[in-house]
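Engineer: What follows is a structure written as structure tokens; I'll ask about it next.
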Amino acid sequence: MPTDIIQWFPGHMAKTRRLMKENLKNVDVVIELLDARIPQSSRNPEIEKLTEGKPLVTLLNKTMLADPEATERWIAYYKKKGNLCLAVDCVSGKGMDKLMPAIRALLADKLERYSQKGMTGRKLRAMVVGIPNVGKSSLINRLCGNKKAKVENRPGVTLAPQWVSTPMGLDLMDMPGVLWPRFDDRETGENLAITGAIKDDVVEIEALAIALCKKLRFRYPALLAARYKFEPEQITDVTDAELFAFIGKKRGFLISGGEIDEERTANTLLDEFRAAKIGRITLDALPKED
């Protein structure tokens, strides 16, 4: 694996950060979307600073792709830290029925003031934020009940802030996906790239797949072995690169001379992880207690 930490912060992301700050005054609450497979790596470490004390609802999205037991532990972790945190899946709709009651409870004092002033019909306004490809457009489409936002399984689809109205008394400001200027550790960059938050064409795809092999053999060896039809004991004494090549051979991804087709193996491994064909997997481990 290359020694450099993966970094990706194109110019439009700096603009998005500025737009977030400029538009905070126009919203009542911020909805922060995290990837349930990487609940820590997908969280902007500057989120509290960026939202400037606005009420915050944290959603762990894509739970149908994540380890359900790990998701429960991460929900408990964020709640213990004082976050209003819910597990959802914006594609299937699982858990989405809890969002509006949670927002109304969080804004109870403001809603009471509106009621006293006779402003009972006033809509609430929320800013939707998160990393690229985390599911913000899917969230908006789910809340709208029809297709309002463009959805693709790649980062960078939403390019400018846009207001969207929902039938439940909530207007949403959909912000483009934004990362932060620099990742401080290798694992954060790897996890973001593995889950598709960073464009594949800005990373070394074979090295990224080898990094995924390392994580899976450590955290989910049985799922890895079951998917690629080998016994866990067969990979006990091999390197991560050898495991990657072993998977390529098991799949028959060979080129002339019997060499492994590394690009095809890498793309297949990443695609199957992202589609949960290997299994429901969470890459982030809970931080150790202080």
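Engineer: Place +1 on the Cβ of every Lys and Arg and -1 on the Cβ of every Asp and Glu in the stretch 204-274, take the dipole about the Cα centre, and give the residue among Gly248, Ile260, Phe218 whose Cα lies farthest towards its positive end.
Structural biologist: It is Phe218, whose Cα lies furthest towards the positive end.
Engineer: Something else: Where does the stretch 45-94 land on the Kirkwood hydrodynamic radius, alpha-carbon pairs, in angstrom?
Structural biologist: 11.8 Å
Engineer: Using only the Cα atoms, what convex hull volume per residue in Å³ does the stretch 188-227 have?
Structural biologist: Residue-normalised Cα hull volume stands at 70 Å³.
Engineer: If you stretched the chain out fully between Met119 and Gln162, how much longer would it get, using 0.36 nm times the residue separation minus the C-alpha to C-alpha distance?
Structural biologist: Extra length from Met119 to Gln162 when fully extended: 13.0 nm.
Engineer: Two decimals, Cα atoms only, Kirkwood Rh: what is Rg/Rh over the chain?
Structural biologist: Rounded to two decimals, Rg over Rh is 1.02.
Engineer: For the chain, which DSSP H helices look membrane-span-like by this rule: Cα extent along the axis of 20 Å or more and mean Kyte-Doolittle of at least -0.5?
Structural biologist: Qualifying helices, which must be both long enough and hydrophobic enough, are 205-219.
Engineer: If the only charges are +1 at each Lys and Arg Cβ and -1 at each Asp and Glu Cβ, what is the size of the charge dipole of the chain around the Cα centre, to the nearest 20 debye?
Structural biologist: Magnitude of the dipole: close to 1600 debye.
Engineer: Note down the nm distance, to one decimal, between modelled labels 7 Å out along Cα→Cβ at Asp237 and at Lys81.
Structural biologist: Here the answer is 4.2 nm between the modelled labels.
Engineer: Find the centroid of the Cα atoms in the stretch 21-99 and in the stretch 221-282, then give the distance between the two in whole Å.
Structural biologist: 32 Å
Engineer: For an R0 of 51 angstrom, estimate the FRET efficiency from the Cβ-Cβ distance between Lys250 and Lys110 and round to the nearest 0.05.
Structural biologist: 0.35
Engineer: Hand me the GluC sites (Glu not before Pro) from the stretch 222-290 located in a DSSP loop with no more than 15 other Cβ atoms within 10 Å, in residue order please.
Structural biologist: Glu259, Glu289
Engineer: For the pairs Lys62/Lys229; Lys136/Lys277; Lys81/Lys215; Lys21/Lys199; Lys98/Lys288; Lys80/Lys288, flag any whose C-alpha to C-alpha distance is greater than 21 Å.
Structural biologist: Pairs exceeding 21 Å: Lys62/Lys229; Lys136/Lys277; Lys81/Lys215; Lys21/Lys199; Lys98/Lys288.
Engineer: Over 25 Å apart: what share of the alpha carbon pairs of the stretch 11-174 falls there, rounded to a whole percent?
Structural biologist: Beyond 25 Å sits 28 percent of the P(r) for the stretch 11-174.
Engineer: Run through all the Cα pairs of the stretch 209-269 and give the fraction in each 5 Å bin from 0, expressed as whole percent.
Structural biologist: Going from the shortest bin to the longest, the percentages are 4, 20, 33, 27, 13, 4, 1.
Read the figures in this text as sums done on the coordinates, not as results from a lab. This one's a predicted model, so the numbers in the text were calculated from it and none came from an experiment. Cβ: placed from backbone, ideal geometry, glycine included. Neighbour counts: every protein chain shown.
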